[in-house]
Amino acid sequence: MSVNEAPLYRAPLWLRFKGQLAGYGFLSPWLIGLFALTLGPAVSSLYLSMTDYSLMSSPRWVGADNYVRIASDDPRFRAAMNVTFTYVLLSVPLKLIFALAIAVLLNKGLKGLNWFRAIFYLPSLIGGSVAIAVLWRQVFASDGIINQVLMAVFNYEGPSWIANPNTAIYTLVALAVWQFGSSMIIFLAGLRQIPTDMYEAASIDGASRARQFFKITLPLLTPVIFFNAVILTIDAFKAFTPAFVISDGSGGPIDSTLFYTLYLYQEAFTNFRFGYASALAWVLVAIIAGFTALAFLSAKYWVHYDD
Amino acid sequence: MTSLTLTDIRKSYGTVDVIHGVDLRIEPGELVVFVGPSGCGKSTLLRMIAGLEPISGGELRIGGQRMNERPASERGIAMVFQSYALYPHMSVRKNMSFGLETARMPRAEIDQRVQKAAEILQIVPLLDRKPKQLSGGQRQRVAIGRAIVRDPQVFLFDEPLSNLDAELRVQTRVEIAKLHADIGATMIYVTHDQVEAMTLADRIVVLRGGRIEQAGTPLEIYNRPANRFVAGFIGSPKMNFLETSISRRIGSDVALDLAGTQLVLRNGDAAALGVRPEHLKVGADRGTSLGQMTVTHVEQLGGQTIVHGRFPDQQPIVATLEGQNSVEAGDLLPLSADLAQCHVFDAEGRRAAALAA
Ligand SMILES: Nc1ncnc2c1ncn2[C@@H]1O[C@H](COP(=O)(O)OP(=O)(O)OP(=O)(O)O)[C@@H](O)[C@H]1O
Ligand SMILES: [Mg+2]
């Protein structure tokens, strides 16, 4: 029988759909969530981004005006981009390096591995919370622990790291890097996947520990590195809570912690410029999509896949 | 070509001893095969020689030099792993040259060595492929190629053929034998396949429970197994052991010569008669008659017929008959054997010299 032959009988559409109805029924909670809470708002925000909607008045169509203003005439947007890119470009690589380094150490077969794994993972569980951001504010305050240690050990009077526009962003980078736990767990799983006889063959080949790391571990880990990098980058672009808490929602001092999402939030909920905020949101979507696309395009040059 | 000397080599993991003092000298250019049942310590011994596993006790010398503390890369060895352990992200060429690049050999010489090894192994067209683009047999060759380019004093193989299908196994076995003949390096080969052991080895080392049971040429091991374990391990189907006790010569002991020592079997002692299936003949008049076998199962191999059955006292027995025989379950076969090819083992499994000897 040829594959192209038409079947002798096909049930009418309504009958076939009826058969699948139960399936859709079971899916419905998720489908409702998807349409009502995700796709719906997304589509309406796309529409709002081309209006001047501001809560007080009904939306008025302005076309691409919001986008033109973002691109050409918004110093705070540029400040936010600056802060956000600094944050992403610093925190993502540092976090990757930290996570990988600790994972490699833990993978050496340390005693009490499970304890260390839990301890290192802890910051990732609690790190995104408001409480930790508040704690962080204390740690880096002018009379915080960091400065007390600097005073005691080096007799150096540190600045208020958070109040200083030159250093505020770095305290947030540090807070992010501190939460390397989940990437580390994924790296650990990846390291476990590399067969030990690979290292045995390499040690017979005379490769030093360092050479084994750079020539074997790192290349074989590239799929995991890639995965972690993409996830971390997206997360970093979306970061909000720490900056909000540390600067009391202002993005200060002098916009030095004005994360993109924080600026967006201020436009929407402080200044009630929903149309403009919607446009900002879509620009962020485009930026994240662009970064992710770049990552995937670059993957074929540096990511080694086994199959 | 280099000799190896193992003196009282021991290995323990914590409080568990897995190798209990192995003494062995391997001559330059010799191909020695370690065989033994799973878990007997073949791999452990090989890995200690390779330097992948620390030696707990005793001394290892390669070419007269103590090697215990030397790292694997300085022992002049190359190893072929059961899993091949090729670097998946490197091309075949890169896999083969990695060790040489690590040793900072000049590029021209690396290329020349890789080319030569690839020609020997007929993998030149595969040089630019990745391991995942190769068949099992081709990967095996690359793994051997990676060993050859290092021009080692000693080759170590840990069950290199166990991932190949039957036909490829025979073919690769022949090629390894040829390789050994061509380059003449000392080789140690681990397997649990006794056919591989018999066909490849200059000398077989039979291991059990971390001890050497016997070391000798394949035919020595086949003809004069040191004990019941070795006798049963080498040969297929395995040797028949007929449990008996000494009943003749009432009033006097039977003294037998066991590899130089005297083995005394007293009246009433338990003993076993060992006969290889291929040494059993059908017919009461072809050697010493052993009794009537009731056939329970027949395997026709074409060239041979393997007959399973029982003696009247219910002891199982297997006979290999030449050619195709029309034997069926339920048949009665009178069996006999040449006593010169039979062995007597005492209750501890030690072998007395062949009966007639
Ligand atoms: N890391 C380890 N810790 C404890 N015991 C071990 C370890 N590695 C091996 N052993 C034990 O040492 C013994 C010898 O193991 P080995 O791998 O050398 O056996 P083998 O003869 O190669 O067996 P196989 O034919 O199955 O490969 C086994 O009883 C094994 O359980
Ligand atoms: Mg083994």
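Could you count how many residues in segment B:1-55 are more than 14 Å from chain A (Cβ to nearest Cβ), under 18 Å from the mean Cα position of the chain (by Cα) and either within 15 Å of ligand 1 (Cβ to nearest atom) or not in a loop (DSSP other than H, G, I, E, B) (or both)?
19
Report the residue count in segment B:194-215 for those that are free of Cβ contacts under 8 Å to residues at least 40 places away in the same chain and within 18 Å of B:LEU156 (Cα to Cα).
So the count comes out to 2.
Could you list, in sequence order, the residues of segment B:317-347 that are touching a residue at least 40 places away in the same chain (Cβ under 8 Å) and under 16 Å from B:ALA231 (Cβ atoms)?
B:ILE317, B:VAL318, B:THR320, B:ALA337, B:LEU339, B:GLN341, B:CYS342, B:HIS343, B:VAL344, B:PHE345, B:ASP346, B:ALA347
Which count do you get for residues in segment B:2-26 that are in contact (Cβ under 8 Å) with a residue 60 or more places away in the chain and on the phi > 0 side of the Ramachandran plot? Explain how you work it out, then say what you get.
Quick first cut of segment B:2-26, residues in contact (Cβ under 8 Å) with a residue 60 or more places away in the chain only: B:2-4, B:11, B:17-24, B:26.
Then drop every residue that is not on the phi > 0 side of the Ramachandran plot, which leaves B:21.
Residues flagged as in contact (Cβ under 8 Å) with a residue 60 or more places away in the chain and on the phi > 0 side of the Ramachandran plot within segment B:2-26 amount to 1.
Got a sec? Which of B:GLY99, B:GLY29 is under 17 Å from B:ALA147 (Cα atoms), away from ligand 2 (no atom under 16 Å from the Cβ) and touching a residue at least 60 places away in the same chain (Cβ under 8 Å)?
Values: B:GLY99 fails: touching a residue at least 60 places away in the same chain (Cβ under 8 Å).
When all the criteria are applied, what remains is B:GLY29.
Among the residues of segment B:286-309, how many are small (Gly, Ala, Ser) and assigned to a strand (DSSP E or B)?
Within segment B:286-309, the subset small (Gly, Ala, Ser) is B:287, B:289, B:291, B:302-303, B:309.
If we keep only those that are assigned to a strand (DSSP E or B) as well, we get B:289, B:291, B:309.
Summing the residues that are small (Gly, Ala, Ser) and assigned to a strand (DSSP E or B) in segment B:286-309 gives 3.
For residues in segment B:171-209 being within 13 Å of ligand 1 (Cβ to nearest atom) and polar (S, T, N, Q), which is surrounded by the fewest Cβ atoms within 10 Å (Cβ to Cβ)?
The residue in question is B:GLN194.
Taking segment B:60-89 as the search range and keeping residues that are in a strand (DSSP E or B) and at the interface with chain A (Cβ under 8 Å from one of its Cβ atoms), which one is farthest from A:PRO219 (Cα to Cα)?
First, pick out the residues of segment B:60-89 that are in a strand (DSSP E or B): B:60-62, B:65-66, B:77-80.
Retained after the next criterion (residues that are at the interface with chain A (Cβ under 8 Å from one of its Cβ atoms)): B:77-79.
Working: B:ILE77: 26, B:ALA78: 24, B:MET79: 23 Å.
If we take residues in segment B:60-89 being in a strand (DSSP E or B) and at the interface with chain A (Cβ under 8 Å from one of its Cβ atoms), then B:ILE77 is farthest from A:PRO219 (Cα to Cα).
Report whether or not A:ALA243 is at pLDDT 90 or above and away from chain B (no Cβ under 14 Å).
Working: at pLDDT 90 or above: no; away from chain B (no Cβ under 14 Å): yes.
Judged against the criteria, A:ALA243 is not a match.
Output the number of the condition that A:ALA293 fails; it satisfies all remaining conditions of (1) surrounded by fewer than 21 Cβ atoms within 10 Å (Cβ to Cβ); (2) modelled with pLDDT under 90.
A:ALA293 satisfies all of (1) surrounded by fewer than 21 Cβ atoms within 10 Å (Cβ to Cβ); (2) modelled with pLDDT under 90 except (2).
What number of residues within segment A:196-217 are within 8 Å of chain B (Cβ to nearest Cβ) and touching a Phe, Trp or Tyr at 6+ places or on another chain (Cβ under 7 Å)?
The qualifying residues number 5.
Scan segment B:90-99 for residues that are part of a loop (DSSP other than H, G, I, E, B) and within 9 Å of chain A (Cβ to nearest Cβ) and jot them down. Spell out the reasoning first.
Looking only at segment B:90-99, we keep the residues that are part of a loop (DSSP other than H, G, I, E, B), and these are B:90-91.
Listed by number, the list holds a single entry, B:MET90.
Could you give every pair whose Cβ atoms fall below 8 Å, whose first residue belongs to segment A:96-108 and is closer than 19 Å to A:TYR199 by Cα, and whose second residue is basic (Lys, Arg), counting only separations of at least 6 or pairs across chains?
A:LEU106/A:ARG117; A:ASN107/A:ARG192
Does A:ALA243 satisfy being crowded, with 20+ Cβ neighbours inside 10 Å and in the same structural domain as A:ALA133 (by TED's automatic domain parsing)? Break it down stepwise before answering.
Values: crowded, with 20+ Cβ neighbours inside 10 Å: yes; in the same structural domain as A:ALA133 (by TED's automatic domain parsing): yes.
Here the answer is yes, as A:ALA243 does meet what is asked.
Results for (1) more than 16 Å from ligand 1 (Cβ to nearest atom); (2) in a helix (DSSP H, G or I); (3) not assigned by TED's automatic domain parsing to the domain that holds B:GLY63, shown as yes or no for each residue.
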position	(1), (2), (3)
B:GLY137	yes, yes, no
B:GLY145	yes, yes, no
B:PRO152	yes, no, no
B:LEU156	no, no, no
B:LEU161	no, no, no
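Among the candidates B:ALA284, B:ALA340, which residue alone is within 26 Å of the chain's Cα centre (by Cα) and of a type in the set (Gly, Ala, Ser)? Give the steps one after another, and end with the answer.
On the way: B:ALA284 fails: within 26 Å of the chain's Cα centre (by Cα).
It is B:ALA340.
One line per residue, one yes/no per condition, for (1) at pLDDT below 95; (2) surrounded by fewer than 19 Cβ atoms within 10 Å (Cβ to Cβ); (3) over 17 Å from B:PHE155 (Cα atoms); (4) within 16 Å of ligand 2 (Cβ to nearest atom):
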| position | (1), (2), (3), (4) |
| --- | --- |
| B:THR2 | yes, no, no, no |
| B:TYR13 | yes, yes, yes, yes |
| B:HIS20 | yes, yes, yes, no |
| B:GLY39 | yes, yes, yes, yes |
| B:ARG61 | yes, yes, no, no |
| B:ALA72 | yes, no, no, no |
| B:PRO88 | yes, no, yes, no |
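The values are calculated or read from the model by the stated rules, or taken from the named source; none is laboratory data. Here the structure is a predicted model, which means the values were calculated and not measured. As a convention, Cβ positions derive from the backbone with ideal geometry for all residues, glycine included, and neighbour counts pool all protein chains shown.
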